[in-house]
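Asker: One structure follows; several queries about it will come next.
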Amino acid sequence: MAFKVLFLTKDKKFIYDGKVREVRQLEDLEGINIRFSRPMIVYDVEEVDLDYFTENFGHLLVGDKTVVDLVHLLKFSNFIAYVDHYRNKIELFIDGNKYIELSYSSLPFLRYLFAKIPRGILLENTDFYSINPD
C-alpha cells in the first residue's frame, strides 16, 4: 500500500503509513490524504464479551470477512476503523500495510463488536468546523 492517511480529531492526530500511530506534528503533508474525524459511536454491552460474538455470529459476513476472520485479524493488531458516512464505506487500516473494507450495512452490528476489540482507534468522519470550532 503506497498511501498515507492522516486522521485529524479535535484532540489528537493519527497517521496510517503502513503502521498505525499517534503523531504530535508533521512537517510534510505532501501525498497525505487528510480526513477530519471524531470518535466512533459504539455500544458496549457489559454482559457480552468477544467470545459471544464469535460463537453466535462467527459466520456472519461483514464485507468479504466473517466475524471470526475479522476478530482474528484485529484482536492482536493495531488498527484504525474509519466510517465514511458520505461514501457509505467502512475502512480498516491495519499495521503491516493491511487495508480492508467492510460492508456499510453491517455498521449497526459493528458498533457492538468494535466496543469489544481493545487495540483499535475507532473514528467516524466529520467536518472541519466540528474539530476546529474557532
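Asker: Before rounding to the nearest 500, sum -39500 (n - 2.57) across all DSSP H runs of length at least 4 in the chain and divide by the residue total; then give [θ] at 222 nm in deg cm²/dmol.
Answerer: -5000 deg cm²/dmol
Asker: Got a sec to turn the phi values of region 33-44 into Karplus ³J(HN,Hα) couplings, 6.51 cos²θ - 1.76 cosθ + 1.60 with θ = phi - 60°, whole Hz, x for Gly and Pro?
Answerer: Taking θ as phi minus 60°, the curve returns 7, 9, 10, 7, 9, 9, x, 6, 6, 10, 10, 9 Hz for region 33-44.
Asker: If you count the DSSP beta bridges with both ends in region 37-131, what percent of them are antiparallel, to the nearest 5?
Answerer: 75
Asker: Here is a further query. Count neighbours as other Cβ atoms within 10 Å of each site's Cβ, and list the trypsin sites (Lys or Arg not before Pro) in region 62-101 that are DSSP loop with at most 12 such neighbours.
Answerer: Counting only loop positions with at most 12 other Cβ atoms within 10 Å, the trypsin sites (Lys or Arg not before Pro) in region 62-101 are R87.
Asker: Where the centroid of each part is defined by its Cα atoms, how far is region 88-106 from region 112-134 in Å?
Answerer: Each part reduced to its Cα centre gives a spacing of 14 Å.
Asker: Which whole-number value in Å³ per residue fits the convex hull of the alpha carbons of region 55-134?
Answerer: Cα convex hull per residue, to the nearest whole number: 109 Å³.
Asker: Using a 1.4 Å probe over the heavy atoms of the protein chains, calculate the carbon and sulfur portion of the accessible area of region 40-122 as a whole percent.
Answerer: Exposed carbon and sulfur together represent 50 percent of the surface.
Asker: Please build a GNM for the chain, connecting alpha carbons under 10 Å apart, and tell me which residue among I90, I32, I121 fluctuates the most.
Answerer: I32
Asker: How much accessible area per residue does the chain have, in Å², with a 1.4 Å probe?
Answerer: 59
Asker: As a test of reading the structure, rank S130, S105, S77 by solvent-accessible area (1.4 Å probe, protein chains only), most first.
Answerer: S105, S130, S77
Asker: Quantify how much of the Cα-Cα distance distribution of the chain extends past 27 Å, in percent.
Answerer: 19
Asker: Another one. Under 12 Å from the Cα of K13, which aspartates and glutamates turn up, not counting those fewer than eight places away in the same chain?
Answerer: Reachable aspartates and glutamates: E22.
Asker: Over all directions, average the projected area of the Cα convex hull of region 49-92 and note it in nm².
Answerer: Here the figure is 3.5 nm², rounded to one decimal.
Asker: Let me ask another. Within the chain, which is the longest segment containing none of the chymotrypsin sites (Phe, Trp or Tyr not before Pro) that sit in a DSSP loop and have at most 16 other Cβ atoms within 10 Å?
Answerer: Between exposed loop sites, the widest span is 87-134.
The values are calculated or read from the model by the stated rules, or taken from the named source; none is laboratory data. Values in this document were obtained by computation on a predicted structure and should not be read as measured data. A quick note on method: Cβ atoms are made from the backbone with ideal geometry, for glycine too, and the neighbour counts reach across all protein chains shown. Accessible surface areas use protein heavy atoms only, side chains included; no ligands, DNA or RNA. Shrake-Rupley method; radii C 1.70, N 1.55, O 1.52, S 1.80 Å.
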